[in-house]
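Below is one structure, written out as structure tokens, with a few remarks after it.
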There are 2 protein chains.
Amino acid sequence: MTTDDSAPFRVGLLGHGTVGSAVAELLPDRADAIAHVTGLRPEISGVLTRSRGDFDEILANSDLIVEVMGGTDTARDHVVRALRAGKHVVTANKQLLAEHGEELWGLARENRVQLRFEAAVAGVVPVIRVLQESLTGQHVERLHGIVNGTTNYILTQMAATGASYESALADAQQLGYAESDPTDDVTGKDAAAKMAILARLAFDTPVHLSDVPYEGIEHLTGEDIAYARDLGLSLRLIGSAERLDGKLAVRVHPAFLYAGHPLASVDGSFNAVTIESPAITEITLSGPGAGGSQTATAVIGDVISAMIPPAQTPPTQHRLGFVDDVVSSFYLHVEVADRPGVLAQIAQVLGLQGVSVKSVVQKGTRKGSAPGEPGQSRLVLVVHPVLESRFYGAVQLIASKDFVTATPRAIRVIDEEFGA
Amino acid sequence: MTTDDSAPFRVGLLGHGTVGSAVAELLPDRADAIAHVTGLRPEISGVLTRSRGDFDEILANSDLIVEVMGGTDTARDHVVRALRAGKHVVTANKQLLAEHGEELWGLARENRVQLRFEAAVAGVVPVIRVLQESLTGQHVERLHGIVNGTTNYILTQMAATGASYESALADAQQLGYAESDPTDDVTGKDAAAKMAILARLAFDTPVHLSDVPYEGIEHLTGEDIAYARDLGLSLRLIGSAERLDGKLAVRVHPAFLYAGHPLASVDGSFNAVTIESPAITEITLSGPGAGGSQTATAVIGDVISAMIPPAQTPPTQHRLGFVDDVVSSFYLHVEVADRPGVLAQIAQVLGLQGVSVKSVVQKGTRKGSAPGEPGQSRLVLVVHPVLESRFYGAVQLIASKDFVTATPRAIRVIDEEFGA
């Protein structure tokens, strides 16, 4: 893989499931960019699966071990041995950290290596880095999180389609959002492990999985959701961790959220965490909580951070040109004299410029003051994505029409597919 | 300030306005926590204001310079000299970086010191760290940002109250969300500088303020917003940066967002940035984009990162107890026989347990099948925050009533004030 003179940085991979195989695929893709930033070129030095690979050999040939095998027995043994051997470790294993975190973090400190775990909570959403780095030494008052994508998908589906829990779960399984044995997800145990990790970091106190009471979503019904909608609430599986009179409450349970809550609009399999502290008010981080390439991206971010700890702004590699004309959807507001054929003329100008109308609202605003004199009317159009130059060309033509009584106003629309 | 044997880390402060004075106040407050994490104790080694302090003296006595004075002339001179002197620099100055970033980042690399600038874009929202660290080497496709709190506050007010632009601006000025000369904010220039910085990091190509066309919000009317509401859109000042056929488009302009867009629900003076990339789908970061203590928190996060680059998980300092019983709001669903006095009895049980009812919906579900036989009815209540043990005690009493025909269902409600 070495195509320049960057020194190699050897990454041993434990596990080759969804996340492991995505790491194995993405890391070589990003090797050039990473070498540019770090001066080191990452390469996979070995892969351990159930059927192949030898841990000792991989360990001996690696500078860093990525643990994405899951489970708490073998994984713990391998991580312990890697740390003792003075290797950095990046893991996505929440159960391992929720049960054995203090031991492992202690070993990392003793051996002066890094143990990084962004992917263990909320996938690529950078909540671990933000808690550990951006907010170091801050007094955090409370966390709220949607940290399990499976249950969030099921609840969103129940709300959107009126499906029962059982049928939404079956859908989630078919789409790969839920495993064939969904117990850890739907009982809240998976979310509890993640909240244990977040609370440990936020409050600087040991938190074990067994300290986190959890309640799942299996008992929820479509009726609960329907009534809640009448009350203006949305139903989510929420992890919370907060200070209460010098103690801590860390829990996972279904909860209704008012529409204005920053987590209320987190839909589908997305995850999100809100961090509250007097000095920062609150920040919310959201994004995909699972998925092979998403979780692998979090793993790779950790690998890079372990390669070159100090953040630098490297010289740019590119010198991209700047675009003059882009495609956008638009809203157009035109005041016109209310006489026959006005809308047709506007539509014709737009059509000639290749601008296609998505919706129109027309409203009379004032009657003519003398008999026979036309009244005033207002047209509000939304148009489909089009080159800006073409759209503004059409607007200029429309503005020049004698029936237009005020300068038309145009504002861009960012549409559901996030732009053109 | 040194109360233990941590070595001092000397921070020179340039500027003592809103952000500078908050840094001077918060840094000593957090010194113990920072010493715990880094082994170094930060202390303010000098403050430069317009009327007092000597830059050369402060520079000589500092390990790191915090530049929060603003402007691009003196600030640039001081930052250049600090970097050349081998000192780390933390700055909140977006105009400085949007105009002279390449020079300054280059100087930092040459002198092997850090130049950090989280506070320059979106205040405490950790978008710089996420772009530089979590997403190192990722192919970013597009960014969308609400990166100016003043204009977002004005637009939110116009939508919420129907106020005109002029009156919403006056409100914002009175509340301190807008400066007495709001030109840079309302014209989009401030947002353009921030987008130049974000685009530079995301796309690894030089981006100067002059490469970013911008359009402000001064020409928007309450009518635009009212019509947009009819169309299901919300109006925001949006910064965008995206790849288009190997070139870049970085712009700032008002835009309508569909209700489902992750930025559509960002209200008031909050900022938010959405980062899109094939590998990560999209992540959204949101929080306060300004404010003294919020921006100072971002500055201090950068100071800490410069003090001890490798992220470690330090041993916990606390051993907090766990709370058994917490206060929560609840939704309660009870199926009852539809006979007189049922609601009164339930209300009485709740009242005796100190549970206060916020809202009730009652609905008949089935008529009695024989004359004189009571029908079925369903009660859905939302109660005000109360200790869980008391609430569940009341639910148990209610469940034991002979008119209750199914196990009541209780689900927590997270209320508008984010819990009790």
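The values are calculated or read from the model by the stated rules, or taken from the named source; none is laboratory data. Small disclaimer: the values here were computed from a predicted structure and weren't measured. Reconstructed Cβ throughout: ideal geometry from the backbone, glycine too, with neighbour counts over all protein chains shown. Keep in mind that these areas ignore ligands, DNA and RNA; they rest on the heavy atoms of the full protein, side chains included. Shrake-Rupley method; radii C 1.70, N 1.55, O 1.52, S 1.80 Å.
Does the stretch A:360-404 hold any residues that are open to solvent by 70 Å² or more (accessible area, probe 1.4 Å) and either over 38 Å from the mean Cα position of the chain (by Cα) or not assigned by TED's automatic domain parsing to the domain that holds A:Ile346 (or both), and which are they?
Passing the criteria: A:Gln362, A:Lys363, A:Arg366, A:Lys367, A:Ser369, A:Pro371, A:Gly372, A:Glu373, A:Gln396, A:Leu397, A:Ser400, A:Asp402.
Look at A:Tyr214 and say whether it is among the aromatic types (Phe, Trp, Tyr) and away from chain B (no Cβ under 11 Å).
Numbers: among the aromatic types (Phe, Trp, Tyr): yes; away from chain B (no Cβ under 11 Å): yes.
Judged against the criteria, A:Tyr214 is a match.
State which residue pairs qualify: first residue of a type in the set (Phe, Trp, Tyr) and inside the stretch A:90-112, second residue open to solvent by 60 Å² or more (accessible area, probe 1.4 Å) in any location, beta carbons under 7 Å apart, and separation of 6 or more residues or different chains.
Partner pairs satisfying both residue conditions: none exist.
Considering the stretch A:124-134 alone, what residues qualify as being in a helix (DSSP H, G or I) and touching a Gly at 6+ places or on another chain (Cβ under 6 Å)? Steps first, please.
Filtering the stretch A:124-134 for residues in a helix (DSSP H, G or I) gives A:127-134.
Of everything in the stretch A:124-134, just one residue is in a helix (DSSP H, G or I) and touching a Gly at 6+ places or on another chain (Cβ under 6 Å), namely A:Ser134.
Return the pairs, sorted by first residue and then second, in which the second residue is part of a loop (DSSP other than H, G, I, E, B), the first residue lies in the stretch B:354-383 and is within 10 Å of B:Glu335 (Cα to Cα), the beta carbons are less than 8 Å apart, and the residues are 6+ apart or on different chains.
Here the result reads B:Gln376/B:Thr405; B:Val380/A:Leu231, each pair linking the stretch B:354-383 to a residue that is part of a loop (DSSP other than H, G, I, E, B).
So that you can scan it fast, the table gives a plain yes or no per residue for (1) assigned to a loop (DSSP other than H, G, I, E, B); (2) open to solvent by 10 Å² or more (accessible area, probe 1.4 Å); (3) farther than 16 Å from B:Thr297 by Cα; (4) in contact with a helix residue (DSSP H, G or I) (Cβ under 6 Å, 6 or more places away or on another chain):
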residue	(1), (2), (3), (4)
B:Gly70	yes, yes, yes, no
B:Asp77	no, yes, yes, no
B:Leu83	no, no, yes, yes
B:Val89	no, no, no, yes
B:Leu97	no, no, yes, yes
B:Gly101	no, no, yes, no
B:Leu107	no, yes, yes, yes
B:Ala122	yes, no, no, no
B:Thr136	yes, yes, yes, yes
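What residue, among those in the stretch A:290-302 that are more than 9 Å from chain B (Cβ to nearest Cβ) and surrounded by fewer than 24 Cβ atoms within 10 Å (Cβ to Cβ), is farthest from A:Leu13 (Cα to Cα)? Reasoning before the result, please.
Of the residues in the stretch A:290-302, the ones more than 9 Å from chain B (Cβ to nearest Cβ) are A:290, A:292, A:295, A:299.
Remaining after also requiring surrounded by fewer than 24 Cβ atoms within 10 Å (Cβ to Cβ): A:290, A:292.
Values: A:Ala290: 19, A:Gly292: 15 Å.
For the stretch A:290-302, the residue satisfying everything is A:Ala290.
Name the helices (runs of 4 or more DSSP H) wholly inside the stretch B:173-258 in which the number of residues that are in the same structural domain as B:Ala159 (by TED's automatic domain parsing), buried (at least 23 other Cβ atoms within 10 Å of the Cβ) and touching a residue at least 40 places away in the same chain (Cβ under 8 Å) is 3 or more.
B:189-203
Go through the stretch B:340-358 and give me each residue that's open to solvent by less than 60 Å² (accessible area, probe 1.4 Å) and either over 41 Å from the mean Cα position of the chain (by Cα) or modelled with pLDDT under 85 (or both).
Those that are open to solvent by less than 60 Å² (accessible area, probe 1.4 Å) and either over 41 Å from the mean Cα position of the chain (by Cα) or modelled with pLDDT under 85 (or both): B:Gly341, B:Val342, B:Ile346, B:Val349.
List every residue pair whose Cβ atoms lie under 7 Å apart, where the two residues are 6 or more positions apart in sequence or sit on different chains, the first residue falls within the stretch A:17-41 and is farther than 11 Å from A:Val68 by Cα and without any contact (Cβ under 8 Å) to a residue 60 or more places away in the chain, and the second residue, located anywhere, is open to solvent by 30 Å² or more (accessible area, probe 1.4 Å) and among the hydroxyl-bearing types (Ser, Thr, Tyr).
Note: pairs meeting the criteria are A:Arg41/A:Thr2.
More than 11 Å from chain A (Cβ to nearest Cβ) and crowded, with 19+ Cβ neighbours inside 10 Å, is that true of B:Ala160? Steps first, answer last, please.
Values: more than 11 Å from chain A (Cβ to nearest Cβ): yes; crowded, with 19+ Cβ neighbours inside 10 Å: no.
For B:Ala160, the condition - more than 11 Å from chain A (Cβ to nearest Cβ) and crowded, with 19+ Cβ neighbours inside 10 Å - is not met.
Mind checking which residues of the stretch A:216-231 are charged (D, E, K, R), touching a His at 6+ places or on another chain (Cβ under 9 Å) and modelled with pLDDT of 80 or more?
Selection gives A:Asp224 alone.
Quick one: in the stretch A:175-191, which of the residues that are touching an Asp or Glu at 6+ places or on another chain (Cβ under 9 Å) and aliphatic (A, V, I, L, M) is farthest from B:Asp324 (Cα to Cα)?
Within the stretch A:175-191, the match that is farthest from B:Asp324 (Cα to Cα) is A:Ala178.
What number of residues within the stretch A:392-410 satisfy the criterion of being closer than 11 Å to A:Leu332 by Cβ and of a type in the set (Ser, Thr, Tyr)?
Going through the stretch A:392-410, the residues closer than 11 Å to A:Leu332 by Cβ turn out to be A:392, A:394-395, A:398-399, A:408-410.
Narrowing further to those that are of a type in the set (Ser, Thr, Tyr): A:392.
Count: 1.
Can you pull out the residues in the stretch B:259-282 that are open to solvent by 50 Å² or more (accessible area, probe 1.4 Å) and within 13 Å of A:Val125 (Cα to Cα)? Reasoning before the result, please.
Looking only at the stretch B:259-282, we keep the residues that are open to solvent by 50 Å² or more (accessible area, probe 1.4 Å), and these are B:259-260, B:265, B:267, B:270, B:278, B:281.
B:Thr281, the sole residue that qualifies.
When the stretch A:30-43 is examined, which residues are found to be open to solvent by 40 Å² or more (accessible area, probe 1.4 Å) and facing chain B (nearest Cβ under 9 Å)?
A:Arg30, A:Asp32, A:His36, A:Val37
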